[in-house]
Amino acid sequence: MPFYYYYDPTYSLVLIGLLLCLAASARVRSTYAKYGRVRSRSGLTGREAAEQILRSAGIYDVRIEHVSGNLTDHFDPGNRVLRLSDATYQSASVAAVGVAAHECGHAIQHSRGYAPLKFRSAIVPVANFGSAIAWPLILLGLLFNSRSSYLLIQIGILAFSFAVLFQLVTLPVEFNASRRAVQILGESGMLLPDELSMTKKVLRAAALTYVAGAASAILQLLRIILLTGGRRRE
């Protein structure tokens with residue numbers, strides 16, 4: 001059978017999304033590595049900065065824990081835990097302080113009832129379930145030529161749309177956490193203006209990973225729509 005029967009031009013959308021994610025990941029790692037070597041004049045470690053920020057925000061019920069890995073920092077609202085990675089927890093670099101402040105921004109969002117964060121948390125189960133069942137439903141719809149095929153495909157597209165929605169809602173949540181971090185670090189004097197500019201570069205690079213993730217999800221959804229667009233007419 002000729003090779004062109006196996007060619008799927010829509011797969012280029014997946015490759016574009018993958019390249020975007022890889023480029024964003026490389027950017028954030030190189031940026032963090034660069035400014036991870038710049039020690040803050042305050043000498044505060046990521047853990048110490050996080051402690052000060054949480055206390056100044058009146059948050060006393062969030063634990064700070066050390067988690068293994070690199071750039072695995074995250075805030076767990078369910079367990080009220082702020083976890084800082086190897087590169088952040090004990091480091092006194094401007095990069096580490098910035099990342100710790102960003103995660104504190106999420107803790108402050110949770111404490112203040114920030115609407116986009118609440119919405120994102122609410123759709124997590126639906127997004128995870130939708131991401132898991134989307135392709136099986138779509139494949140079933142494509143394999144079986146029956147009256148229910150189109151319905152299965154449409155349900156699969158809808159299910160995957162929730163995963164895309166989660167990625168989109170994540171953007172304002174992450175951007176807002178970074179804005180809070182920069183404002184707090186500047187007003188508190190934890191970082192001086194020249195140090196703050198370095199931290200902004202780290203946080204902007206980190207934000208690009210979420211933009212790339214959202215773009216990749218949208219491209220995958222577009223591919224699904226293109227692949228299944230003719231099924232209704234068949």
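The values are calculated or read from the model by the stated rules, or taken from the named source; none is laboratory data. None of the values given here were measured: they were computed from a predicted structure. Here the Cβ positions follow ideal geometry from the backbone for every residue, glycine too, while neighbour counts run over all protein chains shown. Protein only, heavy atoms only, side chains kept; ligands, DNA and RNA dropped before computing areas. Shrake-Rupley method; radii C 1.70, N 1.55, O 1.52, S 1.80 Å.
Taking the criterion of being among the aliphatic types (A, V, I, L, M) and either closer than 30 Å to residue 218 by Cβ or without any contact (Cβ under 8 Å) to a residue 12 or more places away in the chain (or both), would at least one residue in the stretch 41-51 satisfy it?
No, the stretch 41-51 has no match at all.
Quick one: which of 161, 216, 197 is part of a helix (DSSP H, G or I) and touching a Cys at 6+ places or on another chain (Cβ under 6 Å)?
216
When you check residue 184 against the structure, is it of a type in the set (A, V, I, L, M, F, W, C), over 30 Å from residue 47 (Cα atoms), touching a residue at least 40 places away in the same chain (Cβ under 8 Å) and part of a helix (DSSP H, G or I), yes or no?
no
So which of 142, 137, 191, 152 is open to solvent by less than 70 Å² (accessible area, probe 1.4 Å), under 30 Å from residue 92 (Cβ atoms) and in contact with a Leu (Cβ under 9 Å, 6 or more places away or on another chain)?
191
Which one of the conditions (1) open to solvent by less than 30 Å² (accessible area, probe 1.4 Å); (2) hydrophobic (A, V, I, L, M, F, W, C); (3) part of a helix (DSSP H, G or I); (4) under 30 Å from residue 42 (Cα atoms) does residue 175 fail to meet, given that it meets all the rest?
(1)
Among (1) open to solvent by less than 90 Å² (accessible area, probe 1.4 Å); (2) over 21 Å from the mean Cα position of the chain (by Cα); (3) at pLDDT 95 or above, which single condition is residue 2 missing?
Of (1) open to solvent by less than 90 Å² (accessible area, probe 1.4 Å); (2) over 21 Å from the mean Cα position of the chain (by Cα); (3) at pLDDT 95 or above, only one is false for residue 2: (3).
So, in the stretch 69-93, of the ones that are modelled with pLDDT under 95 and among the hydrophobic types (A, V, I, L, M, F, W, C), which residue ends up most open to solvent (accessible area, probe 1.4 Å)?
Looking at the filtered set, the residue picked out is 71.
Identify all residues within the stretch 50-68 that are out of contact with any Phe, Trp or Tyr (no Cβ under 6 Å at 6 or more places or on another chain) and either farther than 30 Å from residue 122 by Cβ or open to solvent by 30 Å² or more (accessible area, probe 1.4 Å) (or both); write none if there are none.
The answer is 51, 52, 55, 56, 58, 60, 61, 63, 64, 65, 67, 68.
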